[in-house]
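Peer 1: Dumping the structure here so I can ask a few things about it.
The values are calculated or read from the model by the stated rules, or taken from the named source; none is laboratory data. What you are looking at is a predicted structure, and each value in this text was computed from that prediction instead of being measured. Cβ placement follows ideal geometry from the backbone for every residue including glycine, while neighbour counts extend to all protein chains displayed. Accessible surface areas use protein heavy atoms only, side chains included; no ligands, DNA or RNA. Shrake-Rupley method; radii C 1.70, N 1.55, O 1.52, S 1.80 Å.
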Amino acid sequence: MKKLFALVLALAMVLALAACGGGDSGNAGSTGGDTQTTEPAGSGDTQTTEPAGDDTTPAGETMNITLITMDQMDVHWVKLEKAARAKVEELQAAGKDINYSWLAPEKKDNAQQIAQIETAINDGADAIIISVNDSTACNDALQAALDKGIKLIYVDATASLEASATFATDNYAAGAQAGEAMKGYLADAGLTEGTIGLVSAQAGVQSCIDRVDGFVSAFEGTGFTMSEVQYSDGDAVKAQELTNALINDGVIAVYGANDGATTGAGNATKEANSNGNSIICVGFDNSSSNRGLVRDGSLLAFMAQNPNVMGEKSIEAAVALLEGEALSETQVDTGVSVVTIDNVDQFED
(Lines give C-alpha, C1' and ligand atoms only; values in the text may rest on other atoms or scores of the structure.)
Protein backbone atom coordinates (compact mmCIF):
# COMPACT_ATOMS: atom_id res chain seq x y z
CA MET A 1 0.00 0.00 0.00
CA LYS A 2 2.84 2.36 0.90
CA LYS A 3 4.39 1.74 -2.52
CA LEU A 4 1.04 2.42 -4.25
CA PHE A 5 0.54 5.59 -2.28
CA ALA A 6 4.05 6.79 -3.22
CA LEU A 7 3.36 6.07 -6.90
CA VAL A 8 0.11 8.04 -6.86
CA LEU A 9 1.83 10.94 -5.09
CA ALA A 10 4.61 11.01 -7.71
CA LEU A 11 2.05 10.98 -10.55
CA ALA A 12 0.21 13.91 -8.95
CA MET A 13 3.43 15.93 -8.76
CA VAL A 14 4.15 15.30 -12.47
CA LEU A 15 0.67 16.46 -13.43
CA ALA A 16 1.08 19.56 -11.27
CA LEU A 17 4.36 20.42 -12.99
CA ALA A 18 2.73 19.92 -16.42
CA ALA A 19 -0.04 22.27 -15.43
CA CYS A 20 2.51 24.91 -14.44
CA GLY A 21 4.30 24.48 -17.77
CA GLY A 22 1.02 25.02 -19.60
CA GLY A 23 0.62 28.23 -17.68
CA ASP A 24 4.02 29.39 -18.93
CA SER A 25 2.93 28.68 -22.50
CA GLY A 26 -0.16 30.72 -21.96
CA ASN A 27 1.92 33.66 -20.72
CA ALA A 28 4.24 33.41 -23.70
CA GLY A 29 1.23 33.39 -25.97
CA SER A 30 0.05 36.63 -24.41
CA THR A 31 2.06 38.32 -27.19
CA GLY A 32 -1.20 37.68 -29.00
CA GLY A 33 -2.00 41.05 -27.44
CA ASP A 34 0.51 42.38 -29.93
CA THR A 35 -1.68 40.89 -32.62
CA GLN A 36 -4.62 42.85 -31.29
CA THR A 37 -2.45 45.99 -31.33
CA THR A 38 -1.31 45.29 -34.91
CA GLU A 39 -4.79 44.76 -36.27
CA PRO A 40 -6.19 48.14 -35.17
CA ALA A 41 -2.98 49.77 -36.43
CA GLY A 42 -3.54 48.08 -39.75
CA SER A 43 -7.15 49.23 -39.72
CA GLY A 44 -5.96 52.66 -38.80
CA ASP A 45 -3.58 52.68 -41.74
CA THR A 46 -6.45 51.74 -44.02
CA GLN A 47 -8.67 54.45 -42.61
CA THR A 48 -5.89 56.99 -43.08
CA THR A 49 -5.33 55.94 -46.71
CA GLU A 50 -8.98 55.97 -47.72
CA PRO A 51 -9.70 59.61 -46.83
CA ALA A 52 -6.44 60.59 -48.59
CA GLY A 53 -7.75 58.83 -51.69
CA ASP A 54 -11.00 60.76 -51.41
CA ASP A 55 -9.06 64.04 -51.42
CA THR A 56 -7.09 63.13 -54.56
CA THR A 57 -8.58 64.01 -57.96
CA PRO A 58 -9.36 60.74 -59.76
CA ALA A 59 -6.91 59.86 -62.53
CA GLY A 60 -7.74 61.52 -65.83
CA GLU A 61 -10.01 64.21 -64.39
CA THR A 62 -7.35 66.92 -64.22
CA MET A 63 -6.16 67.75 -67.73
CA ASN A 64 -2.51 68.81 -67.82
CA ILE A 65 -1.96 70.85 -70.98
CA THR A 66 1.39 72.41 -71.95
CA LEU A 67 1.87 74.96 -74.73
CA ILE A 68 5.39 75.19 -76.18
CA THR A 69 6.15 77.98 -78.66
CA MET A 70 9.27 78.86 -80.64
CA ASP A 71 10.23 81.76 -78.41
CA GLN A 72 8.89 84.32 -75.93
CA MET A 73 9.74 87.52 -77.75
CA ASP A 74 7.77 87.31 -81.00
CA VAL A 75 4.43 89.09 -80.65
CA HIS A 76 2.82 86.27 -82.65
CA TRP A 77 3.51 83.78 -79.84
CA VAL A 78 2.49 86.25 -77.16
CA LYS A 79 -0.88 86.68 -78.87
CA LEU A 80 -1.30 82.94 -79.37
CA GLU A 81 -0.52 82.23 -75.70
CA LYS A 82 -2.83 84.99 -74.51
CA ALA A 83 -5.70 83.47 -76.51
CA ALA A 84 -4.89 79.97 -75.25
CA ARG A 85 -4.85 81.14 -71.62
CA ALA A 86 -8.13 83.01 -72.07
CA LYS A 87 -9.75 79.84 -73.47
CA VAL A 88 -8.42 77.80 -70.54
CA GLU A 89 -9.87 80.31 -68.07
CA GLU A 90 -13.20 80.21 -69.89
CA LEU A 91 -13.30 76.40 -69.72
CA GLN A 92 -12.23 76.41 -66.07
CA ALA A 93 -15.09 78.77 -65.28
CA ALA A 94 -17.40 76.26 -66.97
CA GLY A 95 -16.18 73.53 -64.63
CA LYS A 96 -13.30 71.94 -66.55
CA ASP A 97 -10.36 70.86 -64.38
CA ILE A 98 -7.38 72.10 -66.40
CA ASN A 99 -3.78 72.63 -65.36
CA TYR A 100 -2.17 74.80 -68.05
CA SER A 101 1.42 75.97 -68.56
CA TRP A 102 3.40 77.82 -71.23
CA LEU A 103 7.03 77.01 -72.02
CA ALA A 104 9.24 78.78 -74.57
CA PRO A 105 12.92 79.54 -75.16
CA GLU A 106 13.86 83.19 -74.82
CA LYS A 107 15.07 82.97 -78.42
CA LYS A 108 14.58 80.26 -81.02
CA ASP A 109 16.75 77.33 -79.98
CA ASN A 110 16.23 73.67 -80.86
CA ALA A 111 18.07 72.32 -77.82
CA GLN A 112 16.04 74.45 -75.42
CA GLN A 113 12.80 73.44 -77.09
CA ILE A 114 13.72 69.76 -76.81
CA ALA A 115 14.48 70.29 -73.11
CA GLN A 116 11.06 71.88 -72.65
CA ILE A 117 9.32 68.93 -74.30
CA GLU A 118 11.16 66.69 -71.84
CA THR A 119 10.09 68.97 -68.98
CA ALA A 120 6.46 68.73 -70.08
CA ILE A 121 6.72 64.92 -70.16
CA ASN A 122 8.33 64.76 -66.71
CA ASP A 123 5.73 67.16 -65.30
CA GLY A 124 2.95 64.80 -66.36
CA ALA A 125 1.52 66.58 -69.39
CA ASP A 126 -1.53 64.89 -70.89
CA ALA A 127 -1.39 67.06 -74.02
CA ILE A 128 1.39 69.09 -75.63
CA ILE A 129 0.52 71.91 -78.01
CA ILE A 130 3.65 72.96 -79.88
CA SER A 131 5.05 75.07 -82.67
CA VAL A 132 8.39 73.48 -83.51
CA ASN A 133 11.46 75.44 -84.50
CA ASP A 134 12.59 72.67 -86.83
CA SER A 135 10.53 70.02 -88.60
CA THR A 136 12.79 67.15 -87.48
CA ALA A 137 15.01 68.34 -84.60
CA CYS A 138 12.38 67.64 -81.92
CA ASN A 139 11.18 64.31 -83.30
CA ASP A 140 12.85 62.06 -80.73
CA ALA A 141 11.47 64.08 -77.82
CA LEU A 142 8.02 64.25 -79.39
CA GLN A 143 8.07 60.51 -80.08
CA ALA A 144 8.88 59.94 -76.40
CA ALA A 145 5.78 61.97 -75.54
CA LEU A 146 3.63 59.98 -77.96
CA ASP A 147 4.97 56.71 -76.53
CA LYS A 148 3.68 57.80 -73.12
CA GLY A 149 0.22 58.40 -74.55
CA ILE A 150 0.49 62.19 -74.54
CA LYS A 151 -1.70 63.92 -77.11
CA LEU A 152 0.23 66.03 -79.64
CA ILE A 153 -1.22 69.11 -81.33
CA TYR A 154 0.64 71.46 -83.68
CA VAL A 155 0.08 75.20 -83.95
CA ASP A 156 1.58 77.25 -86.77
CA ALA A 157 4.63 75.04 -87.47
CA THR A 158 4.67 71.24 -87.60
CA ALA A 159 7.20 68.47 -87.15
CA SER A 160 7.31 65.49 -89.51
CA LEU A 161 5.64 63.24 -86.92
CA GLU A 162 1.89 62.78 -87.16
CA ALA A 163 -0.15 64.67 -84.55
CA SER A 164 -3.76 64.46 -83.42
CA ALA A 165 -4.49 67.88 -84.95
CA THR A 166 -2.87 70.91 -86.59
CA PHE A 167 -4.05 74.51 -86.42
CA ALA A 168 -1.92 76.61 -88.75
CA THR A 169 -1.77 79.05 -91.58
CA ASP A 170 -1.43 77.47 -95.01
CA ASN A 171 1.98 79.10 -95.19
CA TYR A 172 2.71 78.22 -98.80
CA ALA A 173 -0.57 79.78 -99.95
CA ALA A 174 0.00 82.80 -97.71
CA GLY A 175 3.50 83.22 -99.12
CA ALA A 176 2.05 83.11 -102.62
CA GLN A 177 -0.43 85.85 -101.61
CA ALA A 178 2.49 87.95 -100.41
CA GLY A 179 4.23 87.33 -103.74
CA GLU A 180 1.18 88.44 -105.71
CA ALA A 181 0.98 91.59 -103.60
CA MET A 182 4.67 92.27 -104.27
CA LYS A 183 4.15 91.74 -108.03
CA GLY A 184 1.40 94.33 -107.98
CA TYR A 185 3.61 96.92 -106.27
CA LEU A 186 6.47 96.19 -108.68
CA ALA A 187 4.11 96.64 -111.63
CA ASP A 188 2.88 99.93 -110.17
CA ALA A 189 6.51 101.06 -110.01
CA GLY A 190 7.05 100.04 -113.65
CA LEU A 191 9.57 97.32 -112.71
CA THR A 192 9.74 94.10 -114.73
CA GLU A 193 13.10 92.72 -113.62
CA GLY A 194 15.59 92.86 -110.79
CA THR A 195 16.58 90.95 -107.64
CA ILE A 196 14.29 90.59 -104.65
CA GLY A 197 15.88 90.07 -101.24
CA LEU A 198 14.59 87.27 -99.02
CA VAL A 199 14.90 87.56 -95.21
CA SER A 200 13.64 84.71 -93.05
CA ALA A 201 13.85 83.65 -89.43
CA GLN A 202 15.84 80.46 -88.97
CA ALA A 203 16.90 77.65 -91.27
CA GLY A 204 14.71 74.60 -90.76
CA VAL A 205 11.57 76.40 -89.60
CA GLN A 206 8.99 74.76 -91.86
CA SER A 207 6.45 77.59 -91.68
CA CYS A 208 9.01 80.10 -92.94
CA ILE A 209 10.34 77.69 -95.55
CA ASP A 210 6.80 77.38 -96.90
CA ARG A 211 6.28 81.16 -96.85
CA VAL A 212 9.45 81.71 -98.84
CA ASP A 213 8.67 78.90 -101.30
CA GLY A 214 5.14 80.21 -101.80
CA PHE A 215 6.43 83.74 -102.34
CA VAL A 216 9.02 82.60 -104.88
CA SER A 217 6.38 80.57 -106.75
CA ALA A 218 4.51 83.77 -107.59
CA PHE A 219 7.48 84.94 -109.68
CA GLU A 220 7.92 81.86 -111.83
CA GLY A 221 8.17 82.87 -115.49
CA THR A 222 8.91 86.53 -114.70
CA GLY A 223 12.09 88.56 -115.16
CA PHE A 224 12.73 88.76 -111.40
CA THR A 225 15.36 86.76 -109.54
CA MET A 226 15.66 85.97 -105.84
CA SER A 227 18.57 86.46 -103.47
CA GLU A 228 19.88 83.72 -101.24
CA VAL A 229 17.68 83.45 -98.15
CA GLN A 230 19.13 85.48 -95.28
CA TYR A 231 18.48 84.11 -91.76
CA SER A 232 17.91 86.60 -88.97
CA ASP A 233 16.84 84.19 -86.18
CA GLY A 234 13.70 86.31 -86.02
CA ASP A 235 15.70 89.20 -84.55
CA ALA A 236 14.73 92.59 -85.96
CA VAL A 237 18.15 94.17 -85.45
CA LYS A 238 19.92 91.32 -87.25
CA ALA A 239 17.28 91.40 -90.01
CA GLN A 240 17.90 95.10 -90.51
CA GLU A 241 21.64 94.52 -90.89
CA LEU A 242 21.03 91.72 -93.39
CA THR A 243 18.62 93.88 -95.37
CA ASN A 244 21.08 96.78 -95.42
CA ALA A 245 23.60 94.41 -97.00
CA LEU A 246 21.03 93.25 -99.57
CA ILE A 247 20.17 96.85 -100.46
CA ASN A 248 23.87 97.64 -100.85
CA ASP A 249 24.06 94.66 -103.22
CA GLY A 250 21.36 96.23 -105.40
CA VAL A 251 18.05 94.49 -104.59
CA ILE A 252 14.95 96.38 -105.70
CA ALA A 253 12.60 94.85 -103.12
CA VAL A 254 12.67 92.84 -99.89
CA TYR A 255 10.39 90.18 -98.45
CA GLY A 256 10.33 89.36 -94.72
CA ALA A 257 9.04 85.89 -93.79
CA ASN A 258 8.16 86.51 -90.13
CA ASP A 259 7.60 89.34 -87.67
CA GLY A 260 11.20 90.07 -86.73
CA ALA A 261 12.44 89.67 -90.29
CA THR A 262 9.73 92.03 -91.54
CA THR A 263 10.35 94.67 -88.90
CA GLY A 264 14.08 94.64 -89.63
CA ALA A 265 13.54 94.73 -93.39
CA GLY A 266 11.03 97.55 -93.02
CA ASN A 267 13.39 99.62 -90.89
CA ALA A 268 16.22 99.13 -93.38
CA THR A 269 13.89 100.08 -96.24
CA LYS A 270 12.76 103.18 -94.36
CA GLU A 271 16.37 104.29 -93.92
CA ALA A 272 17.30 103.51 -97.53
CA ASN A 273 14.29 105.30 -98.98
CA SER A 274 14.97 108.37 -96.87
CA ASN A 275 18.30 108.53 -98.73
CA GLY A 276 16.68 108.59 -102.17
CA ASN A 277 16.07 104.88 -102.87
CA SER A 278 12.72 103.32 -103.77
CA ILE A 279 12.92 99.88 -102.20
CA ILE A 280 9.63 97.96 -102.03
CA CYS A 281 9.00 95.89 -98.91
CA VAL A 282 6.35 93.26 -98.11
CA GLY A 283 6.33 90.95 -95.11
CA PHE A 284 4.61 88.77 -92.58
CA ASP A 285 2.89 89.05 -89.18
CA ASN A 286 0.84 91.65 -87.40
CA SER A 287 2.68 93.68 -84.75
CA SER A 288 2.71 97.29 -83.61
CA SER A 289 6.10 97.76 -85.29
CA ASN A 290 4.87 96.43 -88.61
CA ARG A 291 1.66 98.46 -88.43
CA GLY A 292 3.76 101.56 -87.84
CA LEU A 293 5.91 100.75 -90.86
CA VAL A 294 2.78 100.37 -93.01
CA ARG A 295 1.47 103.72 -91.81
CA ASP A 296 4.69 105.53 -92.75
CA GLY A 297 4.91 103.77 -96.13
CA SER A 298 8.12 101.83 -95.46
CA LEU A 299 6.25 98.50 -95.53
CA LEU A 300 3.59 98.31 -98.23
CA ALA A 301 1.83 95.18 -96.95
CA PHE A 302 2.10 92.31 -94.50
CA MET A 303 0.23 89.05 -94.11
CA ALA A 304 -1.68 88.94 -90.82
CA GLN A 305 -2.14 85.49 -89.36
CA ASN A 306 -4.72 84.58 -86.76
CA PRO A 307 -2.74 83.46 -83.68
CA ASN A 308 -5.82 83.97 -81.51
CA VAL A 309 -7.65 81.31 -83.53
CA MET A 310 -4.67 78.96 -83.22
CA GLY A 311 -4.56 79.42 -79.46
CA GLU A 312 -8.28 79.01 -78.85
CA LYS A 313 -8.84 76.07 -81.20
CA SER A 314 -5.82 74.12 -80.00
CA ILE A 315 -6.98 74.29 -76.37
CA GLU A 316 -10.49 73.24 -77.35
CA ALA A 317 -9.07 70.31 -79.31
CA ALA A 318 -6.81 69.22 -76.44
CA VAL A 319 -9.71 69.19 -73.99
CA ALA A 320 -11.93 67.29 -76.43
CA LEU A 321 -9.25 64.66 -77.02
CA LEU A 322 -8.57 64.22 -73.31
CA GLU A 323 -12.29 63.74 -72.72
CA GLY A 324 -12.36 61.00 -75.35
CA GLU A 325 -14.13 62.96 -78.08
CA ALA A 326 -13.38 62.70 -81.79
CA LEU A 327 -12.36 65.90 -83.58
CA SER A 328 -14.52 67.03 -86.49
CA GLU A 329 -11.44 68.60 -88.16
CA THR A 330 -7.81 67.66 -87.68
CA GLN A 331 -6.12 69.91 -90.28
CA VAL A 332 -7.40 73.47 -89.88
CA ASP A 333 -6.20 76.41 -92.00
CA THR A 334 -6.50 79.42 -89.70
CA GLY A 335 -6.17 81.88 -92.61
CA VAL A 336 -4.42 85.21 -93.33
CA SER A 337 -5.38 88.73 -94.32
CA VAL A 338 -3.40 91.18 -96.47
CA VAL A 339 -2.85 94.32 -94.40
CA THR A 340 -2.15 97.60 -96.20
CA ILE A 341 -2.53 101.30 -95.47
CA ASP A 342 -6.19 100.95 -96.42
CA ASN A 343 -7.14 98.52 -93.65
CA VAL A 344 -4.30 98.63 -91.10
CA ASP A 345 -6.49 100.30 -88.47
CA GLN A 346 -8.68 97.19 -88.36
CA PHE A 347 -5.76 95.12 -87.11
CA GLU A 348 -4.98 96.94 -83.90
CA ASP A 349 -4.51 94.68 -80.88
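Peer 1: Which whole-Hz couplings ³J(HN,Hα) result when phi for each residue of region 240-246 is put into the Karplus expression 6.51 cos²θ - 1.76 cosθ + 1.60, θ = phi - 60°, listed in order with x for Gly and Pro?
Peer 2: 5, 4, 5, 5, 4, 5, 5
Peer 1: A follow-up question, please. Using mean Cβ contacts within 10 Å as the protection proxy, how do 216-223, 266-273 order, highest first?
Peer 2: In decreasing order of mean packing, 216-223, 266-273 become 266-273, 216-223.
Peer 1: Note down the accessible area of Arg295, probe 1.4 Å, to the nearest 10 Å².
Peer 2: 100
Peer 1: Hey, another quick one. Long-range amide H contacts for Phe284: which residues qualify at under 5 Å (H placed 1.01 Å from N, peptide plane, sequence gap of 5 or more or a different chain)?
Peer 2: It is Gly256, Asn258, Thr262, Met303, by chain and number.
Peer 1: Hey, which of these cross-link pairs are over 32 Å Cα-Cα: Lys79/Lys238; Lys183/Lys313; Lys87/Lys183; Lys87/Lys107; Lys107/Lys151; Lys82/Lys183? Mind dumping the intermediate values first?
Peer 2: Values: Lys79/Lys238 23 Å; Lys183/Lys313 34 Å; Lys87/Lys183 39 Å; Lys87/Lys107 26 Å; Lys107/Lys151 25 Å; Lys82/Lys183 35 Å.
Checking Cα-Cα distances, Lys183/Lys313; Lys87/Lys183; Lys82/Lys183 exceed 32 Å.
Peer 1: Quick one: Karplus J couplings for region 136-141, per residue in order, coefficients 6.51, -1.76, 1.60, θ = phi - 60°, nearest Hz, x for Gly and Pro?
Peer 2: Each residue of region 136-141 in turn: 10, 4, 9, 4, 5, 5 Hz.
Peer 1: OK, next. Search the structure for amide H atoms under 5 Å from the amide H of Ala253, placed 1.01 Å from N in the peptide plane, and list their residues when 5 or more places away or on another chain.
Peer 2: Placed amide hydrogens put Gly197, Ile280 under 5 Å from Ala253.
Peer 1: Continuing with the same structure: Taking 0.36 nm per intervening residue step and subtracting the Cα-Cα distance, what contour gain separates Ser288 from Asn99 on full extension?
Peer 2: Contour length minus the Cα-Cα distance gives 64.9 nm.
Peer 1: Additional query: At 1.4 Å probe radius, can you tell me the per residue accessible area of region 210-349 in Å²?
Peer 2: Normalised by residue count, the accessible surface of region 210-349 is 42 Å².
Peer 1: For Asn64, list long-range residues whose amide hydrogen, built 1.01 Å from N in the peptide plane, is under 5 Å from its own amide hydrogen.
Peer 2: The list, which skips near neighbours in sequence, is Asn99, Asp126, Ala127.
Peer 1: Does region 98-207 classify as rounded, prolate or oblate by the C-alpha gyration tensor (a ≥ b ≥ c root eigenvalues; a/c under 1.5 gives rounded; else a/b over b/c gives prolate, otherwise oblate)?
Peer 2: Cα axes put region 98-207 in the prolate bin.
Peer 1: Can you classify region 55-132 as rounded, prolate or oblate using the Cα gyration tensor, where a ≥ b ≥ c are the square roots of its eigenvalues, rounded means a/c under 1.5, and otherwise it's prolate if a/b beats b/c and oblate if not?
Peer 2: Oblate shape, in that a/c is at least 1.5 and b/c is the bigger or equal ratio.
Peer 1: I've got another one for you. Read phi for every residue in region 338-348 and hand back ³J(HN,Hα) as whole Hz from Karplus 6.51 cos²θ - 1.76 cosθ + 1.60, θ = phi - 60°, with x for Gly and Pro.
Peer 2: Result, ordered by residue: 8, 9, 10, 4, 6, 10, 4, 5, 6, 10, 5 Hz.
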